[in-house]
1. Take the conditions outside any strand (DSSP E or B) and either loosely packed, with under 12 Cβ neighbours inside 10 Å or in contact (Cβ under 8 Å) with a residue 12 or more places away in the chain (or both) and apply them to V57. Does it pass?
2. Which of the residues that make up the stretch 79-116 are part of a loop (DSSP other than H, G, I, E, B) and modelled with pLDDT of 90 or more?
3. Name the residues in the stretch 101-119 that are touching a Pro at 6+ places or on another chain (Cβ under 9 Å), surrounded by 14 or more Cβ atoms within 10 Å (Cβ to Cβ) and hydrophobic (A, V, I, L, M, F, W, C), would you?
Amino acid sequence: MKRLQHLLCAGLILVASVGAFLVVTPHAMAGDVIIHLGGEVVAPAPEPAPAPVYAYVYYPDEEVYFVPDQQVYWWRVGGEWRSGPRVPEGIRLGASVNLRVDGRDPWRHHDVIVRRYPRHDRR
């Protein structure tokens, strides 16, 4: 009889241990805390901040950019980029494309933008 009691007690301990392991294990695997071998507890690294996105208006036929936040136009003269509050006389702005770019100064990547948004007129 005593042997039977010992077996039942050992069985209950085993079942309780397995149950406790199953309950605790998912929480440890959830990634809430990283535990290093030295015993030091370190919080997980924060998510990186999303890259800023800048808005521009691009006029493909004239290859002119407008920066709404600054109210400034950018255009090229003889291979150099110039800027001002209005485009020079002689440049007539036509159809435009709203750009959302993950970097400042899209004219620095003008070759990529021109391939994506080619001129519509046949100058």
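The values are calculated or read from the model by the stated rules, or taken from the named source; none is laboratory data. All values reported here derive from a predicted model rather than from experimental measurement. Reconstructed Cβ throughout: ideal geometry from the backbone, glycine too, with neighbour counts over all protein chains shown.
1. no
2. P85, R86, V87, P88, E89, G90, I91, R92, L93, G94, A95, S96
3. Scanning the stretch 101-119 gives a single hit, I113.
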